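For reference, the structure is listed below as structure tokens.
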Amino acid sequence: KVSKPMQQEYPGNREWNRDAAQLAFQPSLDLDSLHFPTWQRVLNHCGKGLDGAIAQDSWAQASGLQSGADYLKCWVAGLLQYPTRPLPYLFFYGDQNVGKSTFWEAITVLVTKGVQRADAAIISQGSFNAELESMILCVIEEIDLDQNQVAYNRIKDWVTASRILIHKKGSTPYQVI
């Protein structure tokens, strides 16, 4: 049994890709008529804080990015097309009820599974983190990590290591790719 996101259920070599994250919708091949006004509003709203940086960044300009919305659209495309490759962290911050959670909540609509809150795993005293297994996007909401060195080390390990240790309650920890 394996977890290979966005791949078929039986990838070969006697592997069963059971319950891996998949796209919830068949992508349109008609690139000339793509129309996604709601998504564009979400991307515009969540990406507006990046607009100034994108306008001044030579890499972004050379890549054809014109706004924070363009950057976020490419970020989501990277997540869905290459779910096992690392992506830059995204931090959304601001006042309550301004839409910070909208971005990741919208991504949950695009996939059958694979998006998970990691709040409990990040602060677990027993290092339990089974909810992270097979996830392509993990989200931490409303936790002050400034003074929490254990949480910092967990995030660093989970994001930079090629394998992570999964620890289910009542089970022996094991590593996954």
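Points to keep in mind about this one:
- The length gained by stretching the chain between residue 2 and residue 89 to full extension, at 0.36 nm per residue less their Cα-Cα distance, is 28.7 nm.
- Per-residue ellipticity at 222 nm computed for the chain from its helices equals -10000 deg cm²/dmol, with DSSP H segments shorter than 4 residues left out and the rest contributing -39,500 (n - 2.57).
- 16 Å Cα-Cα reach of residue 73 towards aspartates and glutamates, excluding residues that sit fewer than 8 places from it in its own chain: 51, 105
- Here is the P(r) of the range 78-177: all C-alpha pair distances, binned every 5 Å from 0, give 2, 11, 21, 25, 21, 14, 5, 1, 0 in whole percents.
- Using all pairs of distinct alpha-carbon atoms, the Kirkwood hydrodynamic radius of the range 10-76 works out to 14.6 angstrom.
- Within the accessible area of the range 1-151, the carbon and sulfur atoms contribute 51%, probe 1.4 Å, all protein chains present.
- Extension gain, residue 140 back to residue 127 (0.36 nm per residue minus Cα-Cα distance, nm): 3.1 nm
- Once C-alpha pairs closer than 8 Å and six or more residues apart are averaged by separation and normalised to the residue number of the chain, the relative contact order reads 18 percent.
- Equivalent ellipsoid dimensions for the range 50-134 as semi-axes, Å, which come from the Cα gyration tensor, largest first: 28, 16, 13
- Gaussian network model of the chain, springs between alpha carbon atoms under 10 Å - residue of 119, 32, 19 with greatest fluctuation: 32
- Förster radius 45 Å - calculated FRET efficiency between residue 26 and residue 147 (Cβ-Cβ, nearest 0.05): 0.45
- When each of 1/100; 4/156; 1/168; 4/48 is checked by Cα-Cα distance, pairs over 24 Å: 1/100; 4/48
- Convex hull volume per residue for the range 40-86, taking Cα atoms only, in Å³: 80 Å³
- Couplings 3J(HN,Hα) for the range 111-117, derived from phi with the Karplus relation 6.51 cos²θ - 1.76 cosθ + 1.60 (θ = phi - 60°), are 10, 6, 6, x, 10, 9, 6 Hz, where x marks Gly and Pro.
- In the full protein context, the range 79-138 carries 61 Å² of accessible surface per residue, based on a 1.4 Å probe and ignoring ligands, DNA and RNA.
- Computed on the chain, the Cα convex hull volume stands at 156 Å³ per residue.
The values are calculated or read from the model by the stated rules, or taken from the named source; none is laboratory data. Note that the structure is predicted; figures quoted are calculated from it, not measured. Ideal geometry is used to build each Cβ from the backbone, glycine not excepted, and the neighbour counts take in all protein chains shown. Side chains are part of the model used for accessible areas, which takes the heavy atoms of the whole protein and leaves out ligands, DNA and RNA. Shrake-Rupley method; radii C 1.70, N 1.55, O 1.52, S 1.80 Å.
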